[in-house]
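Right, one structure below, let's go through it.
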Amino acid sequence: MRTRGSGKRSCLRTGAVPVPATEARAMTHGGRQTRAAAGWRPAGRGLLPGCVWSRSPGPGPAVPLAEEKTLENSRIGVAGVAQPPPPAVVLAILARNAEHSLPHYLGALERLDYPRARLALWCATDHNVDNTTEMLQEWLAAVGDDYAAVVWRPEGEPRYYPDEEGPKHWTKARHQFLMELKQEALTFARGWGADYILFADTDNILTNNQTLRLLIEQGLPVVAPMLDSQTYYSNFWCGITPQGYYRRTAEYFPTKNRQRRGCFRVPMVHSTFLVSLRAEGAAQLAFYPPHPNYTWPFDDIIVFAYACQAAGVSVHVCNEHRYGYMNVPVKSHHELEDERINFIHLILEALVDGPPMWASAHVSQPPKSPTKMGFDEVFVISLARRPDRRERMLSSLWEMEISGRVVDAVDGRTLNSSIMRSLGVDLLPGYQDPYSGRTLTKGEVGCFLSHYSIWEEVVARGLARVVVFEDDVRFKSNFRGRLERLMDEVEAERLPWDLIYLGRKQVNPEEEVAVEGVPHLVVAGYSYWTLAYVLSLAGAHKLLASQPLRRMLPVDEFLPIMFDQHPNEQYKAHFWPRDLRAFSAQPLLAAPTHYAGDAEWLSDTETSSPWDDDSGRLISWRGSHKTLRGPHPNLAGSSGHSLHPHHRDEL
C-alpha cells in the first residue's frame with residue numbers, strides 16, 4: 001500500500017520519546033486536493049512529524065497508564081475491593097487518501113465509551129494526494145493528550161506508487177507496505193504491553209460507542225463487529241477455498257441480514273477487527289512477512305487469515321448489535337471522487353437506518369456550497385410535527401450540497417368538514433382504495449393539498465422547473481450527479497416534458513417504454529407514490545387546470561389519470577384533457593425510507609381518519625399494497641434496500 005521514505009524526526013511533547021526509524025517517517029506538506037477540497041486545507045496545530053508521546057515511562061505491562069486518573073484506573077467495588085482497570089487497547093489507524101471519511105471516522109473513535117487513559121493511538125499515513133495528513137495532524141494535536149500513548153508516523157513523499165494506475169489501484173508494493181505497517185502496529189502493541197489491538201479502516205465508522213466493550217466481553221481471540229454497507233458487502237467471509245479464495249456459502253446472507261444472530265466462527269474477518277494479544281497462539285500471529293508455508297494470494301487480509309489458521313487461532317464475527325458502517329470499495333480504475341460520492345451515500349443511509357454518523361469537532365472539513373442544481377426551486381414537503389423526518393431530510397440535502405426549502409405540509413389531523421368545504425374539497429364520486437376498499441383519508445387530503453400548494457406557487461412565480469420531495473425519501477447512490485446528468489440528457493434531446501418521477505412504485509414495469517436518446521428515462525406507466533418528482537411550469541398549469549380539489553382522490557392516483565395511464569375508466573372520465581407528459585427515471589433515483597411491515601414504518605396517510613369523519617378517531621390500514629416493498633416484498637431485513645443478492649455482492 002505504501003513505499004518507504006526517511007527523514008528527520010522530532011516531537012513537541014515534554015518527555016516524548018522519538019520513535020525508531022522503522023516506526024517514524026518524515027512528513028512533508030503539499031499535494032493536490034480532491035474536487036470538494038480544492039483550495040482548502042485544514043490548519044495543523046502544534047504537532048511535528050514522526051513522534052510518540054506517552055504518560056507511561058515506556059513500553060511495559062498492562063498497568064495503569066495515567067496514574068493521575070485514579071477514578072478510571074482503580075475502581076472500588078461494592079465490597080470495598082479495588083477493581084482492575086479495563087484492558088489496555090491500541091487503536092491502529094492506517095490512512096491513505098481518506099479526507100472524505102476521516103472526520104466521521106475520528107468522530108466515532110472519540111465517542112467510544114472507553115477510558116482514553118487505557119487507549120493508545122498508533123497512526124500512520126502516506127502516499128496522499130489529499131489532505132489526510134493535515135487532518136490527522138490537526139486531530140492528534142487536539143486530542144492526543146487524552147490518550148495513554150500516541151505514535152504518529154506520517155510520510156509525505158512519494159504521493160504515488162510508480163506502478164499504480166490510480167489511487168485505488170492495489171499493486172503488490174501497496175499490499176506489501178500495508179502489511180508492513182500493520183505488522184509495525186502489532187509489534188508496537190505487544191511491546192507497549194497492550195491486551196488488545198483494534199484495526200479499523202478509515203472508511204469504517206463505528207457508530208455504536210459500546211463497540212469496543214462489547215467485543216472485549218466476548219473473550220474471543222480475533223473478533224469482528226459485523227458492519228453494514230450500501231450493499232450485501234461486509235467485513236467477513238463465511239467460506240474460503242483451499243487456495244485462499246472466496247467461497248460462497250449458505251450462511252453468508254442469513255448472517256449479513258441478521259436472520260441468524262450471535263457470534264459465529266468464520267475463516268476470515270477484515271477491515272475492522274479486534275485481536276487479543278493474550279490469547280493462546282496470539283504470539284504467532286503476523287501480517288508480515290507471511291507464514292513460511294504461505295502460498296495464497298498476496299493480500300493482507302488473506303495473509304492474516306492464513307496466520308490465524310496456522311496458529312490455531314479462531315476467528316469470529318458478531319452481528320447481534322448494530323456496530324456501524326463500512327463503505328463499499330470502488331474498483332481499481334475509479335478515482336477518489338467516486339469513493340467520496342459512495343461515502344456520502346453511506347452517510348445518507350446511516351441517517352435513515354441509524355444511528356447517524358457524527359464528524360469530529362476537532363477536524364476542519366472542506367466547506368459545502370449547496371445549490372438548487374439548476375432548478376428554480378427544490379421543495380421539501382414536511383409535517384411540522386415530524387421534526388425528526390424534517391431534520392433527516394435537510395441533513396441529507398446538506399450532505400449532497402442541495403439547497404432545499406421546507407414547505408409545511410397540511411396536517412390531515414387539523415382538517416374537519418368545514419375547513420374542507422371552505423377549500424372546495426369534495427370526494428371523487430365512487431373512489432375507493434384499490435386494495436383495501438377504504439375511502440379517502442384526511443391524511444391523503446392533507447398530502448394532496450400540500451402538493452397542490454406547490455403547484456400553485458410554481459404557476460404564481462412562473463418557475464420553469466422545480467423538484468418536489470416528500471420527507472420520507474431514501475436517496476440512491478450519487479443522486480445529485482445522476483439527476484443532473486438526466487436533466488442534461490433531457491435538455492440535449494429537447495424532449496417536451498411536464499413531470500418526471502424520481503421515485504415511485506411501478507405497477508407494470510414490463511410495459512413501460514424507453515425514451516429514445518435519453519438512456520435512463522422511460523415513459524411513465526401507472527404508478528404509486530409522489531415522494532420525489534420534477535415538475536415543469538407547463539405541467540403545473542395542467543394539474544391546476546383540471547380542478548382536482550372538487551373531485552379529490554389521493555395525489556398518487558390523480559397523477560396517472562392526468563397522463564392517461566390509470567386503469568380505472570370511471571375515475572378518468574371526470575378529468576379532461578389527460579395530456580400530462582410524464583416520464584420516469586430508470587433506474588429510479590429515490591425510494592421510501594421504509595415500507596409497510598418494517599418496524600420503523602410510519603404513515604400519516606394510511607394511519608388517519610376517513611375524510612368525512614370529524615370524530616378524531618385514527619384508523620390504520622397497515623398492509624395496503626401501495627406501501628409494501630415491491631415488486632419483491634420478501635427481502636429480509638428492514639434496511640429499506642431494494643437490492644437482491646447476487647453471487648459477488650458480498651465481495
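The values are calculated or read from the model by the stated rules, or taken from the named source; none is laboratory data. Here the structure is a predicted model, which means the values were calculated and not measured. Neighbour counts are summed over all protein chains in view; Cβ atoms, including those assigned to glycine, are modelled from backbone coordinates with ideal geometry.
Just one residue in the set Val458, Val473, Val534, Val490 is at pLDDT 95 or above, of a type in the set (Val, Ile, Thr) and touching a helix residue (DSSP H, G or I) at 6+ places or on another chain (Cβ under 6 Å); that residue is Val458. Which ones in the range 271-300 are more than 11 Å from Val222 (Cβ to Cβ) and within 23 Å of the chain's Cα centre (by Cα)? Across the range 271-300, the qualifying residues are Ser271, Thr272.
Let's see how each residue does on (1) under 22 Å from Val467 (Cα atoms); (2) in contact with an Asp or Glu (Cβ under 9 Å, 6 or more places away or on another chain); (3) outside any loop (DSSP other than H, G, I, E, B):
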position	(1), (2), (3)
Val317	no, no, yes
Arg322	no, yes, no
Pro329	no, yes, no
His333	no, yes, no
Leu348	yes, yes, yes
Leu351	yes, yes, yes
Ser364	no, yes, no
Lys368	yes, yes, no
Val380	yes, yes, yes
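For the range 188-209, the criterion of being farther than 27 Å from Asp228 by Cα and of a type in the set (Ser, Thr, Tyr) is met by none of the residues. If you go through the range 431-468 and keep only what is closer than 15 Å to Val406 by Cα, of a type in the set (Ser, Thr, Tyr) and buried (at least 23 other Cβ atoms within 10 Å of the Cβ), you end up with just Ser450. Mind listing whichever residues of the range 528-583 are surrounded by fewer than 16 Cβ atoms within 10 Å (Cβ to Cβ) and among the polar types (S, T, N, Q)? Hits for the range 528-583 are Gln547, Gln570.
Mind checking which residues of the range 373-387 are surrounded by 16 or more Cβ atoms within 10 Å (Cβ to Cβ) and out of contact with any Phe, Trp or Tyr (no Cβ under 8 Å at 6 or more places or on another chain)?
Step one: of the range 373-387, the residues surrounded by 16 or more Cβ atoms within 10 Å (Cβ to Cβ) are 373, 375, 377-383, 386.
Scanning the range 373-387 gives Met373, Phe375, Glu377, Ser382, Leu383, Arg386.
Selection of the range 204-218 for residues being in contact (Cβ under 8 Å) with a residue 40 or more places away in the chain and of a type outside the set (S, T, N, Q) yields Ile205, Leu206, Leu212, Arg213, Leu214, Leu215, Ile216.
Scanning the range 302-324 for residues that are surrounded by fewer than 19 Cβ atoms within 10 Å (Cβ to Cβ) and closer than 23 Å to Leu109 by Cβ yields Glu320, His321, Arg322.
Scanning for something within 19 Å of Leu112 (Cα to Cα), modelled with pLDDT of 95 or more and not β-branched (Val, Ile, Thr), does the range 151-161 turn up at least one residue? No: the range 151-161 contains no residue that is within 19 Å of Leu112 (Cα to Cα), modelled with pLDDT of 95 or more and not β-branched (Val, Ile, Thr).
Among the residues of the range 85-113, those that are within 18 Å of Asp338 (Cα to Cα) and part of a loop (DSSP other than H, G, I, E, B) comprise Arg96, Asn97, Ala98, Glu99, His100, Ser101.
Out of the residues in the range 238-263 that are out of contact with any Cys (no Cβ under 8 Å at 6 or more places or on another chain) and either among the aromatic types (Phe, Trp, Tyr) or outside any loop (DSSP other than H, G, I, E, B) (or both), state the one that is surrounded by the most Cβ atoms within 10 Å (Cβ to Cβ). Looking at residues that are out of contact with any Cys (no Cβ under 8 Å at 6 or more places or on another chain) and either among the aromatic types (Phe, Trp, Tyr) or outside any loop (DSSP other than H, G, I, E, B) (or both), I get Lys256.
What are the residues in the range 121-162 that are of a type in the set (Asp, Glu) and in a loop (DSSP other than H, G, I, E, B), if any? Of everything in the range 121-162, those that are of a type in the set (Asp, Glu) and in a loop (DSSP other than H, G, I, E, B) turn out to be Asp130, Glu157. When Leu428 is tested against the conditions (1) within 22 Å of Val380 (Cβ to Cβ); (2) at pLDDT 95 or above; (3) not aromatic (Phe, Trp, Tyr), the lone failure is (1).
Can you find a residue that is free of Cβ contacts under 8 Å to residues at least 12 places away in the same chain, assigned by TED's automatic domain parsing to the domain that holds Pro496 and part of a helix (DSSP H, G or I) anywhere in the range 559-568? Checking the range 559-568: not a single residue is free of Cβ contacts under 8 Å to residues at least 12 places away in the same chain, assigned by TED's automatic domain parsing to the domain that holds Pro496 and part of a helix (DSSP H, G or I).
Within the range 182-203, residues that are among the hydroxyl-bearing types (Ser, Thr, Tyr) reach partners that are in a loop (DSSP other than H, G, I, E, B) with beta carbons closer than 9 Å, at six or more positions or on different chains, in the pairs Tyr196/Pro87; Tyr196/Ala88; Tyr196/Leu277; Tyr196/Arg278; Thr202/Arg96; Thr202/Ala98; Thr202/Ser101.
Against the test of being surrounded by 20 or more Cβ atoms within 10 Å (Cβ to Cβ) and in contact (Cβ under 8 Å) with a residue 40 or more places away in the chain, the options Phe287, Phe298 yield a single qualifying residue, Phe287.
Please go through the range 546-563 and give me each residue that is closer than 17 Å to Ala524 by Cβ and touching a strand residue (DSSP E or B) at 6+ places or on another chain (Cβ under 9 Å), ordered by number. Once the filter is applied, which keeps residues that are closer than 17 Å to Ala524 by Cβ and touching a strand residue (DSSP E or B) at 6+ places or on another chain (Cβ under 9 Å), the range 546-563 yields Pro554, Val555, Asp556, Glu557, Phe558, Leu559, Pro560, Met562, Phe563.
Touching a residue at least 24 places away in the same chain (Cβ under 8 Å) and either in the same structural domain as His127 (by TED's automatic domain parsing) or in contact with a helix residue (DSSP H, G or I) (Cβ under 8 Å, 6 or more places away or on another chain) (or both): is that true of Thr241 in this structure? No. If you filter the range 163-181 down to residues that are assigned to a loop (DSSP other than H, G, I, E, B) and touching a residue at least 40 places away in the same chain (Cβ under 8 Å), you find that the one that is farthest from Glu138 (Cα to Cα) is Glu165.
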